[in-house]
Amino acid sequence: MKQQYHTLIIGTGCAGLNAADKLFDLGITDIAIVTEGRYMGTSRNTGSDKQTYYKLSLCGSEGDSVREMADTLYAGGGVMGEHALCEAAYSTRCFMRLVELGVPFPTNEYGEYAGYKTDHDPRTRATSCGPLTSKYMTEALERSCLRKGIEIIDSRRVVKILHSDGAVTGIACVSTVTGECSVIPCRNVILCTGGPAGIYKNTVYPESQHGATGLAVDAGVSLSNLEEWQYGLASVKFRWNLSGTYQQVLPRYISVDGAGKEREFLYEALGEASLGLIFLKGYQWPFDTRKVEGSSKIDLLVAAEIKGGNRVYLDYTHNPRGLENGFAVLPAEAYDYLNRSGALLGTPVERLAKMNAGAIELYANHGIDLYADCLEIAVCAQHCNGGVTVDENWQTELKGLYCAGEAAGTFGVYRPGGSALNSTQVGSLRAAEHIAGKGITSEAPPTYTLPAIKRGTSNIAAIREKFQSEMSRVADFDRDTAGMKDLFARVSTLCDTFFETVEITDEGETAEAFKLYDMAVTQRAVLSAMLCSAEHLGTHGSALVDKRPHRGDGTPRTTRTLTRGAASAPAPVSPMPNPELWFETLLARRRTQT
Ligand SMILES: Cc1cc2nc3c(=O)[nH]c(=O)nc-3n(C[C@H](O)[C@H](O)[C@H](O)COP(=O)(O)OP(=O)(O)OC[C@H]3O[C@@H](n4cnc5c(N)ncnc54)[C@H](O)[C@@H]3O)c2cc1C
């Protein structure tokens with residue numbers, strides 16, 4: 001580790017690695033990536049049935065345009081025009097760069113990247129490398145960084161962004177092994193710390209992802225749309241999304257009470273209609289308030305069982321109730337799909353073996369045998385659409401502090417499936433370009449003293465468990481205003497008295513204590529945004545509030561929720577820019593710049 005750097009990037013996910021790689025290419029080589037764990041984070045450790053990357057259409061004759069893709073992103077509601085336009089305009093460049101780095105996106109024999117339709121996508125812009133797209137992206141970007149000799153400062157949790165006179169001066173980080181604190185001066189920081197995964201108990205983020213949104217809250221910058229999340233059905237022992245074929249093969253949903261009594265609760269509530277809704281869950285994975293009378297009813301029924309004290313499982317070894325007399329009872333869409341897949345047969349696991357054998361192997365690799373074991377499930381948080389407020393260069397309100405990837409708040413109520421991965425690449429590239437194009441911002445040497453943490457019997461795990469469980473109880477996809485207000489008051493007290501409340505056994509636990517602090521500060525900000533949105537905007541998108549049905553006339557939301565510290569207020573979104581598109585003008589402009 002050197003004495004100081006031009007720019008430090010925090011995080012070794014798709015966003016952080018791309019930021020470092022691009023900065024180096026742009027001539028900024030005095031850089032390092034700081035990470036609490038090189039192999040940690042969402043990008044490297046997650047996936048789904050078919051993990052999607054959203055890009056501009058690059059095949060066939062149906063046509064597409066930057067403006068059309070930008071309009072799709074903007075239509076999510078609560079989205080800033082400049083982000084929608086940049087994420088569309090840079091899409092091809094970022095995608096092709098991944099291709100050049102060896103990420104194995106499939107093409108036909110003439111080089112066309114055929115696409116498919118994903119959720120909230122009017123075209124067929126989605127592509128995928130299979131279940132592990134983001135892992136392949138991470139590995140390819142990491143190889144490129146290592147080839148360039150970019151330094152990775154590993155096993156350091158960043159605990160503070162240091163700044164003076166409105167500009168970044170450095171970071172403070174703590175060794176995750178010894179607890180030793182280091183202050184590293186730098187002129188720019190790119191925060192690529194991923195989603196705030198640690199705030200919920202029920203989550204499908206990988207175990208190794210915690211997030212560090214609290215760093216931005218603590219630095220005094222604002223956050224956008226923190227109330228906008230995606231939640232859906234996932235297995236909890238090994239965290240994995242149960243979308244696509246995991247549902248289309250029609251597993252049996254069972255609830256088990258404390259005495260071990262088993263019930264098919266979906267059939268009890270919905271009768272034979274439950275079969276069609278289970279099938280639909282395959283491609284209507286996230287909970288959506290517009291589908292509470294359709295497939296999202298399943299999420300509500302699963303959560304009700306769990307909140308009632310039961311455990312819920314998917315059983316792939318027996319057919320669900322309703323299929324006793326064969327498949328003729330299924331809606332035409334489900335019947336035709338299974339029929340065309342040659343899967344009108346046997347048990348759910350036999351159908352899964354026929355349609356997607358890899359889905360069974362994946363669980364087997366994590367010690368779960370779908371031929372014998374039931375899969376425990378919950379409705380889990382998967383992605384935060386909101387995050388740190390950034391401008392068109394992905395710079396925050398603090399000069400020299402940039403934020404890209406899931407930590408940044410560039411999405412609103414809805415986003416097309418796969419656009420999160422596109423955003424990791426676009427935001428980090430924009431930040432790198434802006435840093436490379438500007439002069440020196442700050443020279444003030446930073447100082448920092450780590451707050452003292454009490455020694456005793458560690459209470460970190462107990463506090464974490466309590467607050468994560470409460471978040472999942474009152475502030476997930478089925479929110480309760482009174483519960484959120486009460487939790488907001490309690491989490492605010494925790495934030496205010498943190499260093500008197502928390503105890504660690506030894507110095508090696510220091511980083512864990514700061515992770516807990518980050519969780520508390522982030523929960524407070526998220527609850528503030530949720531309460532603000534419940535009051536001003538009503539129910540929409542991914543969450544019910546006090547069981548109210550969907551509110552809104554279908555037009556995209558023109559406000560976002562802005563949070564600073566523990567206070568939130570609605571703010572208007574910017575319109576889509578109408579920039580210069582006359583080539584001669586752009587050429588002349590370029591000549592004057594060089
Ligand atoms: C189950 C699941 C399925 C998904 N499927 C899709 C999909 O199909 N399509 C799509 O577009 N998106 C999908 N997503 C979302 C997408 O994977 C993530 O948004 C994206 O990978 C985030 O990348 P990132 O680089 O921003 O963060 P991450 O990959 O999470 O990296 C964060 C990094 O920051 C480090 N870090 C965090 N805090 C600190 C700190 N304080 N100090 C030092 N280091 C720190 C972490 O260790 C990690 O290295 C899915 C997510 C999940 C959970």
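The values are calculated or read from the model by the stated rules, or taken from the named source; none is laboratory data. As the structure is a prediction and not an experimental result, all values here were calculated from the model. Here Cβ is always computed from backbone atoms with ideal geometry, including for glycine, and neighbour counts include all displayed protein chains. Remember, those area values only see protein heavy atoms, side chains included, never the ligands or the DNA or RNA. Shrake-Rupley method; radii C 1.70, N 1.55, O 1.52, S 1.80 Å.
Any residue at all in the stretch 125-148 that is assigned to a strand (DSSP E or B), touching a strand residue (DSSP E or B) at 6+ places or on another chain (Cβ under 7 Å) and away from the ligand (no atom under 12 Å from the Cβ)?
First pass over the stretch 125-148, keeping only residues assigned to a strand (DSSP E or B): 126-128.
Still in the list and also touching a strand residue (DSSP E or B) at 6+ places or on another chain (Cβ under 7 Å): 126-128.
Now drop any that are not away from the ligand (no atom under 12 Å from the Cβ), which leaves none.
No, because not a single residue in the stretch 125-148 is assigned to a strand (DSSP E or B), touching a strand residue (DSSP E or B) at 6+ places or on another chain (Cβ under 7 Å) and away from the ligand (no atom under 12 Å from the Cβ).
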Selected residue [open to solvent by 20 Å² or more (accessible area, probe 1.4 Å) and touching a residue at least 40 places away in the same chain (Cβ under 8 Å)] from ASP486, ASP480, ASP496, ASP476
ASP480
Which numbered condition LEU26 fails, given (1) open to solvent by 50 Å² or more (accessible area, probe 1.4 Å); (2) among the aliphatic types (A, V, I, L, M); (3) touching a helix residue (DSSP H, G or I) at 6+ places or on another chain (Cβ under 8 Å); (4) near the ligand (Cβ under 9 Å from one of its atoms):
(4)
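Going by the conditions given, is GLU333 in a loop (DSSP other than H, G, I, E, B) and open to solvent by 60 Å² or more (accessible area, probe 1.4 Å)?
Working: in a loop (DSSP other than H, G, I, E, B): no; open to solvent by 60 Å² or more (accessible area, probe 1.4 Å): yes.
No; evaluated as a whole, the condition is false for this residue.
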Sole miss for THR410 among (1) at pLDDT 95 or above; (2) within 15 Å of the ligand (Cβ to nearest atom); (3) open to solvent by 20 Å² or more (accessible area, probe 1.4 Å); (4) touching a His at 6+ places or on another chain (Cβ under 9 Å) is condition (3)
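Name the residue that is surrounded by the fewest Cβ atoms within 10 Å (Cβ to Cβ), counting only residues in the stretch 1-17 that are polar (S, T, N, Q) and under 19 Å from LYS438 (Cα atoms).
First pass over the stretch 1-17, keeping only residues polar (S, T, N, Q): 3-4, 7, 12.
Within this subset, residues satisfying the condition of being under 19 Å from LYS438 (Cα atoms) are 4, 7.
Details: GLN4: 15, THR7: 24.
Result: GLN4.
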Considering only the stretch 193-202, how many residues are open to solvent by 10 Å² or more (accessible area, probe 1.4 Å) and either within 11 Å of the ligand (Cβ to nearest atom) or not basic (Lys, Arg) (or both)?
4
Subset of the stretch 227-244, residues out of contact with any Leu (no Cβ under 9 Å at 6 or more places or on another chain) and assigned to a strand (DSSP E or B), comes to TRP229, GLN230, TYR231
Scan (1) under 22 Å from the mean Cα position of the chain (by Cα); (2) not in a loop (DSSP other than H, G, I, E, B) for the single condition GLY194 breaks and write down its number.
(2)
Only listed residue being within 16 Å of the ligand (Cβ to nearest atom), in contact with a Gly (Cβ under 8 Å, 6 or more places away or on another chain) and within 16 Å of ARG125 (Cα to Cα), chosen from THR42, THR52, THR12, THR35:
THR52
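For the stretch 140-151, give me the residue count where each residue is surrounded by fewer than 19 Cβ atoms within 10 Å (Cβ to Cβ) and over 12 Å from LYS22 (Cα atoms).
5
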